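Structure first, then comments.
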Amino acid sequence: MSFEFPEEKFPIPKLVWHGAAGPARAMPFDFNRESRLILQAEVDGRVSTLLMDSGMEVSAISRDLFSRLHRKSAGTLPIYDRGALQETQLVQGVDVSLPMVSIRGMTVAVMDMDLLCSMIGLRIDGVLGREIFEAAFVDIDFPQRQIAFAPAGAAFHSVAAATTPLRRFKAGRGRIIAVLLESGPPVELEFDLGSANPLVLQSSYWKPNGLHLDRRLSNSLVGGANGIRETGLISMKEVSFAGFTLTGVDALLEQPTPGFDHRLGHGTIGMPILSKFRIGADYTNNVLHVSSPSKTGAIPIPRNRTGLRVLQQNQYLRVLLVARDSPAAKENWQPGDLIRLVNGRPIDDVYWSSGFWRWGEADAGTEVCLTMENGGIRYLILGDYY
């Protein structure tokens, strides 16, 4: 999603540091599906669950929270989602409070977040976007599940941290970093803590560079607050940034959007990669600090070996897509199929938070028993298909 807005409408917010420990104090975060960073905060004094997303141009609250806050709209804002023009309401003077800092006087968008909540299996009240990154140093220790904020430009305290430049994105307030994809030249990708995908590449990059040629190609889905769309899917043997190398990395290939690709850059680098590290985002000095608990060697990235892309619907998993040439496609799975049990375990309220959802990432050759809505049993043998 992209916003068109005058900068003066969205100034960098004022931060008020509080608490005895001051800005050095860290707070825990929930790591939904190991791809969504969830914070507990107060929005105008109301306890709220927020998703943190460095790729969001402006922070947003749900329509439900907007109603509960009894706030008035301050006008509308045009937004572009894959080329479609829509409008969203704005609310001014919103305060967000975290244990160590309050973010005062924010202008936020009002959005329908029902689809996003369904996708991540969690009810959220809003999205904390780029404003906090512009205003503070953000230190996220993914291995320890801790986050801390400090005054902009503060030093990063992790030992042996590597650094890589964070350059301002030409369209909007985001930041991009240089990434090596296999043996190709560096490509600049948006630093996106809101992306649940390792890499998302725009057609203006992957097509002329032939990334879809001479390798197995399948398909997948990518989505957010405003919908889900189909993409291509390949596997990159190696991906490197800040001196670290990751192997077996999924790359989603976006389809062309006439007249809009220039706004999107070359693509994004997301949570499955970034969450392998402790990172310090310093927008003031245009640098990203990166350290890893792994001293040596390449870092493998888990992958889905079923070919099923699913969405939780009450006590079922609804199949949204069956990937081409996948184990599921070979067993004639269809969109709309409903899964009730996985290896005898129900699809319950803790399915996503328990880590059980990773059953589809087991080793190739693993057999999984799936119980369908009608009580029928289906077996699926996991395998690599792209």
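The values are calculated or read from the model by the stated rules, or taken from the named source; none is laboratory data. This structure is a prediction, so every number in the text was calculated from the model and none was measured. Here Cβ is always computed from backbone atoms with ideal geometry, including for glycine, and neighbour counts include all displayed protein chains.
For region 29-49, taking the residues that are within 13 Å of the chain's Cα centre (by Cα) and either closer than 15 Å to Asp64 by Cα or among the aliphatic types (A, V, I, L, M) (or both), the one that is surrounded by the most Cβ atoms within 10 Å (Cβ to Cβ) is identified as Leu37. Leu380 meets all of the listed conditions (1) in contact with a helix residue (DSSP H, G or I) (Cβ under 7 Å, 6 or more places away or on another chain); (2) in a loop (DSSP other than H, G, I, E, B) but one, namely (2). Taken over region 54-65, the criterion of being touching a strand residue (DSSP E or B) at 6+ places or on another chain (Cβ under 7 Å) and surrounded by fewer than 22 Cβ atoms within 10 Å (Cβ to Cβ) is satisfied by Arg63 alone.
Within region 124-144, restricting attention to residues that are part of a loop (DSSP other than H, G, I, E, B) and under 16 Å from the mean Cα position of the chain (by Cα), the residue that is modelled with the lowest pLDDT is Gly129. Taking the condition touching a residue at least 60 places away in the same chain (Cβ under 8 Å) and assigned to a loop (DSSP other than H, G, I, E, B), does Ser183 pass? Here the answer is no, as Ser183 does not meet what is asked.
Is it fair to say Ser235 is assigned to a strand (DSSP E or B), in the same structural domain as Ile279 (by TED's automatic domain parsing) and over 24 Å from Ile132 (Cα atoms)? So Ser235 passes the test. Quick check on Arg309: is it under 21 Å from the mean Cα position of the chain (by Cα), modelled with pLDDT of 95 or more, part of a strand (DSSP E or B) and not aliphatic (A, V, I, L, M)? The answer is yes for Arg309. The residue of region 247-277 that is modelled with the highest pLDDT, among those that are under 15 Å from Gly55 (Cα atoms) and over 15 Å from the mean Cα position of the chain (by Cα), is His266.
Any residue at all in region 306-328 that's charged (D, E, K, R) and under 18 Å from Cys369 (Cβ atoms)? Looking through region 306-328, none of the residues is charged (D, E, K, R) and under 18 Å from Cys369 (Cβ atoms).
Pairing each residue of region 317-338 that is closer than 21 Å to Trp352 by Cβ with any residue that is in a strand (DSSP E or B) and of a type in the set (S, T, N, Q), provided the two are 6+ apart or on different chains, yields C-beta distances under 8 Å for Arg318/Gln312; Leu321/Asn219; Leu321/Ser220; Ala323/Ser218; Ala323/Asn219; Ala323/Ser220; Leu338/Gln313.
Taking region 112-167 as the range and being touching a His at 6+ places or on another chain (Cβ under 8 Å) and surrounded by fewer than 22 Cβ atoms within 10 Å (Cβ to Cβ) as the test, the residues that pass are Phe156, Ser158, Ala161, Ala162, Thr163. In region 202-217 there is no residue matching the filter, namely being at pLDDT below 95, surrounded by fewer than 19 Cβ atoms within 10 Å (Cβ to Cβ) and in contact with a Lys or Arg (Cβ under 7 Å, 6 or more places away or on another chain). Of the residues making up region 16-27, those that are in a strand (DSSP E or B) and either among the aliphatic types (A, V, I, L, M) or at pLDDT 95 or above (or both) number 3. Answer yes or no as to whether Gly121 is at pLDDT below 85 and under 18 Å from Phe29 (Cβ atoms). Considered against the rule, which asks whether it is at pLDDT below 85 and under 18 Å from Phe29 (Cβ atoms), Gly121 comes out as yes.
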